[in-house]
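So the structure is just underneath, and the comments pick up after that.
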Amino acid sequence: MRGIISFGGYVPYRRLDRSAIAAVMGKGGGRGTRSVASYDEDTTTMGVEASRLALRPVDAEPRALWFATADPAYLEKTNATAIHAALLLDSSVGALDFGGAVRSGIGALRTALDAKGPTMVVIADIRGGLPTGADEAAGGDGAAAFLIGTEDDGPVVAELLGSASATEEFVDRWRQPGSPSAGQWEERFGETRYGPLTTQAWKEALGAAGIEAADVDVAVVTGSHSRAVKRVSGQLGVARVADDLSAAVGNTGTAHPGLVLANELEQAEPGQTIAVVMLADGVEVLVLRTTDALAEFTPGLPVAAQIADGAEVSYATYLQWREMIQVQPPNRPEPTRPSSSAAARAQDWKYGFVGSRGTESGTLHLPPARVSIRPEDELDAMDPAPMADVGATVVTFTIDRLVYSVSPPVVFAVVDFDGGGRLPVELTDVEPDAVRIGQRVEMTFRRLYEAEGINNYFWKARPARSGQ
Amino acid sequence: MASHGIKDQVAIIGMGCTQFREHWDKGVDDLLIDSATAAFDSAGVSKDDVDAFWLGTASSGMSGLTLSQPLKLEGKPVTRVENFCATGSEALRQASYAVASGAYDMAMAIGVEKIKDSGYQGLNAAPAPHDGTKRNLTAAAMYSLVLPAYAARYGVDEDELRMVVAKIAEKNHRNGALNPLAQFRREMPAEKICEMASVAGRLSVFDCSGVADGSAAAIVVRAEDAHKYCDDPLYIKALSFVSGTGGGLIDPDYDYTTFPECEMAGADAYRQAGIDDPRSALAMAEVHDCFTPTEMVLMEDLGFCERGTAWKEVLAGTFERNGDMPINTDGGLKAFGHPVGASGLRMHYECWLQLRSKAGDDRQIDLSTRNLGLVHNLGGYPGEMVSFVSILGPELG
C-alpha cells in the first residue's frame, strides 16, 4: 500500500504579532501571531528546509522531486531544481514544479500517492496581502515535505486508504502574476460552491476508503476560503477537527494542508485515521491511516517545537521584508549577480554545502580545494565532505553595520564544525545582541540576495534549534 | 632556492607625493602628473630620462596607458600592477628589480587611486564574475575580529583594549595634524573615539583609515649611479612580499591575533637586510594601519615587541613620534588617508623625508643612534592577505 514514508514541516523563525498591525495602522491585525519568512527566505529555501527535515529520519532516497507553491521564486525556470541540488539528489531524479495555484500543493501530494516510485513532494508558500487586510493578518509562511512511496522504499508511517476530488470553475480568489495581493469575491458566493463540493468529495473518499465519517479520528481541514472551511469542518461528522495553527502560524496557503498534517502525524498514534480536506477551486480529500511504523518514527524537528521557538519581528521590518515599504539602502554598491557558469561548476558547494577533505590530513576545506593547506595531502587527494547537517560552534563574531544588506546589520561569525573544520559565515535568524562565543549553530539554505532577477542561493548559519 | 634580496643595489633618488584628500577637482590624470612631476623635480631628471615605469592602481585604470597617455610617454614601457592595498609598494618592488637586473638604468614606480569618483562611501572594488558564495563582509568587520580574540588570548579587558586601539588612532591623528599633505589635520582624543557609534564590531569610523584620492611616485637607479643625481639617496636594504594561502579562514588553529603573512614578510626582509633585532636597528616604521587593531598586531608580527605586549607599549607611548619606536610619523592610513594604489609609495615617501632629515623641524625624528626605516604594506583580510615589507637606509653597508 502506498503512503507516507517520512515528512517534515517547516515554520520560519520570525513571528509577527497581529496586534502590532493596528498599533501602527490604526486598524487591521487581530490576536495571536503569524509566521514570517525572513528576508533571506523564499518558498524554495523553505522547501529545502522542510525537505531536509523530512529526509533526516529515514534512509530512503526519492526518485522524483515535486515542488508546489503559489509564490514561486522564479517563473519560467524550475524551482525544484535548486531543492534537488540542495538535497544532493542524483541527476537521474526528476524535479518538477507544480505551479501557481494554492490547490497545487495538495494536488501534488495526491498525485504522488497515485504515482510510482519514492517521490518527494515539497509544498511551500509565503502568504501576504496589502497592509491592514485580512490576508496579511490571517496568512502565514511555511513549508512541508512528504516522502511518498511503498514498503519497498521504506517503512510507511501512514497509508492512503482512499482519496477523491471535486472540481468546478468559479472565481472566488484570484491574483495576477506579480501582484502583492489577491482578490476575493463576496464570501457568501464561494460558500455556496464549497459546501456541495465538499459533501461530494468527502462521501466519495470515505467510500473509496471503505469507512464511515465516524471512523475518522481527526480531520485536517484547510483552504483559501476561511468561512467555508469553518462551516464544512463542523459538518464532516468526525471525532475531532485538527488545530489549524491559526493562532501562532496563520494559514500557509499551498503548504497548509501539509503543515497541519505533519503536526497531526507528529502527535498521532499507530492505527489512527486522518482525513485531509482542502478547499481551493474545488475540494481534495485524502484519507490516511497511521501504521505501526509511526511508533518508530522520530521527526526531524516537530512543528510544535518550531512554533515554540520563534521570535518576534516588528511590523515595520515585516513590511520592509515583504517590500511593502522601501527603506534607504546603505551608500554601498549593491551585490552583483552570480555567474551561472561559475555557480554550475560549484553546484555541490553552493547548493549542497559540500566541501572537501584531504585524504591524508583530514583537513576540511570550505570551499572545496584541489590543493590542500596541509603539505601531506597530494594534489587532488580530496574526498567530498557534505557539511550541511554538521553542527558548529561560534569561535568569534562581529556585527557589520557598514556592509550592504537587505536587512542590516549583518551578523557574522567564525564557526568551527564538529569533527574539525572552520568557516567565517553570516548568521541569520539571530538577534545581534544575543550572539555569544561558544553558541551552537547549524547550517541553513538561504537566498543571500537577488541581482538582475537572479536569486543567489547559498548557506548561512543560524542558532541551533531544539532537537539538534 | 632562496630570497636573496637586492641589499644596497638600488637607490631612490627622487620622490613626489600629492596631498591625500577628497580631490573633487583632480582626476587620475592630474594626480599622476602631479606626483610624477614632483618626483622628476626631486631627482632633477625629466620623463625622457626614465627608461621604464611601473604603475600601481587597484581600480582607477587598466593597463600602462593609464600613465603613458596623460604623461605622453613616447616609446616607453609601462606596467600596471595591482596587489590589493599593497599595490603601490608592489610597483616599487618591480621597478627596483628592473634596475637591479641591469635591464634599465632608471625606473619610476608610481601609485594612484581616485576613490572619490565612485559615489559610494568607503573602498569598493568591482568583483570578478563569481559563484555567489563569497562572504559579504566589510574589511572593517573582518579586522574587528582581532579585538575580542586578542583580549581573550592575552587576558586583556575588552574595554581597556578598545581604549588602547583608540590611542593608536589618537597618535596617528596627532602625527597627521603636523603633516601638510595629510587628509586629516585635526587631533582626535581617544576618549572621543571610544564614545562614537560602532560600525563594525567595536570599531568606529575613526578606527578606519581615511578614504582619500592621491598619488605618490619614486625614481630608482642602481646604487652606484645614485650620486650622479642626488647627494643623499635612500638605499633599498630589503624588499619582501608574501601572498598567503588563505588558510587562516579555514584553519581552526588560526586565532585572529596575528597576521602570519606579515610575520613571514618581516622575517624575510630582516634576513635580506642583515637585521637581527629590529627594535634596536630601526629608527622608524611606516605600517599598514588600515584599522587600529591592525597596527597593534603588526607591532608584534614585525618583532617590535613581544607577543601579548603591544597593547602595553601603546599605552607607554613607545610608538609615538618621539617614542622609542616611532610608528606612522606621517599620520598613517588613519590620518594621511588611503588611496589604495598610492599608499605604499606614500609610506616610502615618509621614509624618504625622515631618514634624510627632511621632514621639517616639527616632525623630524631622532636619527642619532639608528637610521634605518621599515615600510609594511598589506592587502586583504585576517586569514587571507598579501604583505609587503621593505627596509631603507641613507647609507650603504
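Summary table
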quantity: At 0.890 mPa s and 25 °C, Stokes D of the protein assembly as shown from Kirkwood alpha-carbon radius, µm² per second; calculated: 81 µm²/s
quantity: Dipole of chain A, positive end: most advanced residue of A:VAL241, A:LEU259, A:VAL229 [Cβ charges, Cα centre]; calculated: A:VAL229
quantity: Cβ-based net charge around A:LEU55, under 14 Å, with every Lys or Arg adding one and every Asp or Glu removing one; calculated: -3
quantity: Kirkwood hydrodynamic radius over Cα pairs of segment A:1-120, then Stokes diffusion coefficient at 37 °C and 0.692 mPa s, in µm²/s; calculated: 205 µm²/s
quantity: Degrees between helix B:158-177 axis and first principal axis of chain B (Cα, 0 to 90, nearest 10); calculated: 30 degrees
quantity: Efficiency of FRET between A:GLU269 and A:GLU151 - r from beta-carbon atoms, R0 25 angstrom, step 0.05; calculated: 0.80
quantity: Set of lysines with alpha-carbon distance to A:LYS203 below 21 Å, sequence-local pairs under 8 removed; calculated: A:LYS230
quantity: Semi-axis lengths, Å, segment A:151-196, gyration tensor of Cα atoms, sqrt of 5 times eigenvalues; calculated: 35, 18, 9
quantity: Span-rule helices in chain A, defined as complete DSSP H runs reaching 27 Å or more along the axis (Cα) with Kyte mean at least -1.0; calculated: A:187-209
quantity: Rough spin-label spacing in nm, given labels placed 7 Å along Cα→Cβ, for A:GLN347 and A:GLU450; calculated: 2.4 nm
quantity: Restricting segment A:79-188 to chymotrypsin sites (Phe, Trp or Tyr not before Pro) in coil, as DSSP defines it, with at most 15 other Cβ within 10 Å; calculated: A:PHE170, A:TRP185
quantity: Estimated dipole of the protein assembly as shown in Debye, rounded to 20 [Cβ of Lys and Arg +1, of Asp and Glu -1, Cα centre]; calculated: 1420 debye
quantity: Cross-link reach list, lysines versus B:LYS237, counting only Cα pairs under 24 Å and skipping chain neighbours closer than eight places; calculated: B:LYS7, B:LYS228, B:LYS358
quantity: Estimated dipole of chain A in Debye, rounded to 20 [Cβ of Lys and Arg +1, of Asp and Glu -1, Cα centre]; calculated: 1160 debye
quantity: Of B:SER357, B:GLY344, B:CYS17, farthest towards positive along the dipole that unit charges on Lys, Arg, Asp, Glu beta carbons give chain B; calculated: B:CYS17
quantity: Cα gyration tensor shape for segment A:270-367, rounded if a/c is under 1.5, else prolate or oblate; calculated: oblate
quantity: Set of lysines with alpha-carbon distance to B:LYS114 below 23 Å, sequence-local pairs under 8 removed; calculated: B:LYS26, B:LYS47, B:LYS72, B:LYS334
quantity: For segment A:3-321, diffusion coefficient by Stokes-Einstein and Kirkwood Rh (Cα), 25 °C, 0.890 mPa s, µm²/s; calculated: 127 µm²/s
quantity: Highest-fluctuation residue, B:ALA126, B:ALA359, B:ALA98 considered, GNM on chain B with Cα pairs under 10 Å; calculated: B:ALA126
quantity: Bridge type composition, chain A - antiparallel percent by DSSP, nearest 5; calculated: 75 percent
quantity: Degrees separating the helix B:340-354 axis from the principal Cα axis of chain B, which is the longest one; calculated: 80 degrees
quantity: Angle between chain B longest axis and helix B:260-273 axis [Cα atoms, degrees, rounded to 10]; calculated: 40 degrees
quantity: Whole-Å distance, taken between Cα centres, linking segment A:428-468 and segment B:51-108; calculated: 44 Å
quantity: Check: chain B dipole with +1 on Lys, Arg Cβ and -1 on Asp, Glu Cβ, in debye; calculated: 400 debye
quantity: Whole-Hz couplings from phi, Karplus 6.51/-1.76/1.60, listed for segment A:128-145; x for Gly and Pro; calculated: x, x, 5, x, 6, x, 5, 5, 4, 6, 7, x, x, 10, x, 8, 8, 9
quantity: Net charge of Cβ neighbours under 15 Å - reference A:GLU426; Lys, Arg +1; Asp, Glu -1; calculated: +3
quantity: Alpha-carbon centroids, segment A:32-65 and segment A:353-406: separation in whole Å; calculated: 24 Å
quantity: Length released on extending from A:ASP59 to A:GLU186, taking residue separation times 0.36 nm less the Cα-Cα span; calculated: 40.9 nm
quantity: Local electrostatic count at B:PHE388 - Lys and Arg +1, Asp and Glu -1, tallied over other residues with Cβ under 12 Å; calculated: -3
quantity: Prolate/oblate/rounded label for segment A:114-214 (Cα gyration tensor, a/c 1.5); calculated: oblate
quantity: Cα lying deepest toward the dipole's positive end in chain B, options B:GLY155, B:SER63, B:GLY397, charges on Cβ; calculated: B:SER63
quantity: Ranking of A:LYS350, B:LYS237, A:LYS230 by count of other Cβ atoms within 10 Å, fewest first; calculated: A:LYS230, A:LYS350, B:LYS237
quantity: Segment B:201-227 versus segment A:101-117: alpha-carbon centroid distance in Å; calculated: 66 Å
quantity: Longest exposed-site-free window of chain B, the sites being chymotrypsin sites (Phe, Trp or Tyr not before Pro) in a DSSP loop that have at most 16 other C-beta atoms within 10 Å; calculated: B:121-397
quantity: Estimated 222 nm signal from helices in chain A, with DSSP H stretches of n ≥ 4 weighted -39500 (n - 2.57), rounded to 500; calculated: -7000 deg cm²/dmol
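The numbers here are math on the coordinates, done by the rules we state, and not lab data. It should be emphasised that the depicted structure is a prediction, and the values quoted were computed from it without experimental measurement. Cβ sites come from the backbone with ideal geometry, for glycine too, and all protein chains shown count toward neighbours.
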